[in-house]
1. Which value, in Å² rounded to 10, gives the accessible area of Arg55 with a 1.4 Å probe and all protein chains present?
2. Consider a paramagnetic label point 7 Å from the Cα of Arg157 along Cα→Cβ; state which residues of the range 100-118 have an amide N under 14 Å from it.
3. Nearest 0.05, what FRET efficiency do Ala53 and Ile140 give at R0 = 51 Å with Cβ-Cβ as r?
4. Under a crude label model (7 Å from the Cα following the beta-carbon direction), how far is Leu164 from Ser85 in nanometres?
5. Using a Cα-Cα cut-off of under 20 Å, which aspartates and glutamates could be cross-linked to Lys214, ignoring same-chain neighbours fewer than 8 residues away?
6. Could you go through the range 18-28 in sequence order and give the Karplus-derived ³J(HN,Hα) for each residue, using 6.51 cos²θ - 1.76 cosθ + 1.60 with θ = phi - 60°, rounded to whole Hz, and x for Gly and Pro?
7. Work out how much length Gln188 to Gln105 would gain on full extension: take 0.36 nm times their residue separation and subtract the Cα-Cα distance, in nm to one decimal.
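The values are calculated or read from the model by the stated rules, or taken from the named source; none is laboratory data. The model shown is predicted, which means the values in this text are computed figures rather than measured ones. Glycine gets a Cβ as well: all are built from the backbone with ideal geometry, and neighbour counts include every protein chain shown. Areas reflect the complete protein model, heavy atoms only, side chains present, ligands, DNA and RNA absent. Shrake-Rupley method; radii C 1.70, N 1.55, O 1.52, S 1.80 Å.
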Amino acid sequence: MNHPIIDLGTWLAQPAGSYIRAWEQAQLDQLTADIFGYNALQIGQPQIAALAASRMPNKWLATTSMQNIATSTLLIDFAELPFASQSIDLVVLPHVLEFAAEPHQVLREVERILIPEGRLIISGFSRTSLWGARQLAGRITGHHFLPKQGEFISAPRMRDWLKLLNMEVMPTQFGCYAPPFQTELWLQRCGFMEHLGARWWPYLGSVYMMQAIKRVKGMHLIGPAWKAQRFPRGRALPVTNKTSKSNKFPAK
């Protein structure tokens, strides 16, 4: 059974968490608005409205917690998703894999339920950032900045996992370059670092947003199948009258 994400929801309500949520919400709104289909699924983190901008008619939130259950919320095990294979057009995983007991199994389940050419969006904390260094120091000193249950997964490692599942990874977006402060005042004072970080050290953002497309080997998107009509050799064919209202070919 997948363990629930402990303390992360509470942390996301704090100033540092709100700082992260604001950037991620903007990215998710931009990405999901341009993805079309019928069925969209958000797994974990109800504090983040990952599908708010999605125009798909069917949207679900899957969680392992009994708190804040809504009518469109499913209480499930992330490692055993109750959806048919190739039935979901879009899946969003906001900070799920780094807190999952079996992240590989969660990804395999997501790949199973995605339709061919379906989309997957993943957000995660970056290990190669000031926040990643702060989390590592907290493991040594015992003073954790982020929930200690999390195991940060680097963006290159995540890309490797997705490629093993035949997922085509799109360019990754990084954000949130302010140092790991816990007060809103100091986070606002470091607002100038957002522009500088995005330009000069983009891969050192504290979080990343990764989008992937499920590819199926041997599958090709084709248009209408136009079948040529063959006639026996040596047989005369009548020429259709241009003024005729009939669009049918003459019989053989």
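1. Looks like 150 Å² after rounding.
2. Residues passing the 14 Å test: 100-104.
3. 0.80
4. Roughly 2.0 nm, to one decimal.
5. By straight Cα distance, Lys214 reaches Asp34, Glu80, Asp89, Glu109, Glu111, Glu117, Asp160, Glu168.
6. 5, 4, 5, 4, 4, 5, 5, 4, 5, 5, 5
7. On the way: separation 83, 0.36 × 83 = 29.88 nm, distance 3.85 nm.
Extra length from Gln188 to Gln105 when fully extended: 26.0 nm.
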